[in-house]
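The values are calculated or read from the model by the stated rules, or taken from the named source; none is laboratory data. Quantities reported herein were computed from a predicted structural model and do not represent experimental measurements. Glycine also receives a Cβ, built like all others from the backbone with ideal geometry; neighbour counts cover every protein chain displayed.
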């Protein structure tokens, strides 16, 4: 518990965390508030699309690219102890320094949740200000979608933790944060799909349905799309990556 409180304090005193949340808050409000106004300039009034509450909740970021900020913030926070030398002091005081991995990951869960909540709140504020906001009856499904996306973000952050804390490479972790946030690996998945289907004479292999970065975009509890994929894939990635992070962090020398 003391370690968790320490990690939480470090998160609450990290400037990048506040700056990136502020950027997301501002961009969401601006885009949601003014895009309908722009559409109104070129479209008839009855053709300007409404912004539904379910959409504002299920998709907390107006631009999918904004997930990059969440992952960069997470990767930076996971590596912060190595960058400031704090790791040498605290690791020597612990009977099992591997517990730092679990404490860090628990705080990352809160870190991601805060980003998502900030996104939803700013979405709703901006949408309401646009004058084209409508409360619909899909709130429960939208909330489930939001939670699934949060779970998938935790799966991705478990991989970033393995790189940042297990391999101790901030640069590689940031690069992966950007690639995963951009969904830039989708072309790789498509290439693998094609290769596997051609080699084995198949037609239904779709690796992207089992990768958290792709599922982060496609999962939708309202339509029932990829719900169990998201749950199972997240559980496997988290279990494997957090365990490997624990083992590698515990075994490697602190420098």
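Data for the structure
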{"item": "Residue among 5, 88 that alone is farther than 29 Å from residue 223 by Cβ, loosely packed, with under 15 Cβ neighbours inside 10 Å, out of contact with any strand residue (DSSP E or B) (no Cβ under 9 Å at 6 or more places or on another chain) and modelled with pLDDT under 90", "result": "88"}
{"item": "Residues of segment 184-203 satisfying the condition of being under 28 Å from residue 174 (Cβ atoms) and touching a helix residue (DSSP H, G or I) at 6+ places or on another chain (Cβ under 9 Å)", "result": "184, 185, 186, 188, 189, 190, 192, 193"}
{"item": "Residue 139 being touching a helix residue (DSSP H, G or I) at 6+ places or on another chain (Cβ under 8 Å), surrounded by 19 or more Cβ atoms within 10 Å (Cβ to Cβ) and farther than 23 Å from residue 245 by Cβ", "result": "no"}
{"item": "Residue identified as at pLDDT below 95, within 16 Å of residue 78 (Cα to Cα), in contact with a helix residue (DSSP H, G or I) (Cβ under 8 Å, 6 or more places away or on another chain) and crowded, with 17+ Cβ neighbours inside 10 Å among 245, 158", "result": "245"}
{"item": "Condition broken by residue 127, with the remaining ones in (1) over 14 Å from the mean Cα position of the chain (by Cα); (2) under 11 Å from residue 78 (Cα atoms) satisfied", "result": "(2)"}
{"item": "Test: residue in segment 62-80 that is crowded, with 21+ Cβ neighbours inside 10 Å, in a loop (DSSP other than H, G, I, E, B) and either at pLDDT below 95 or touching a strand residue (DSSP E or B) at 6+ places or on another chain (Cβ under 8 Å) (or both)", "result": "yes"}
{"item": "Which numbered condition residue 187 misses (of (1) crowded, with 18+ Cβ neighbours inside 10 Å; (2) modelled with pLDDT under 95; (3) farther than 30 Å from residue 99 by Cβ)", "result": "(1)"}
{"item": "Among residues of segment 8-34, those that are crowded, with 18+ Cβ neighbours inside 10 Å and either without any contact (Cβ under 8 Å) to a residue 12 or more places away in the chain or touching a strand residue (DSSP E or B) at 6+ places or on another chain (Cβ under 9 Å) (or both), counted", "result": "1"}
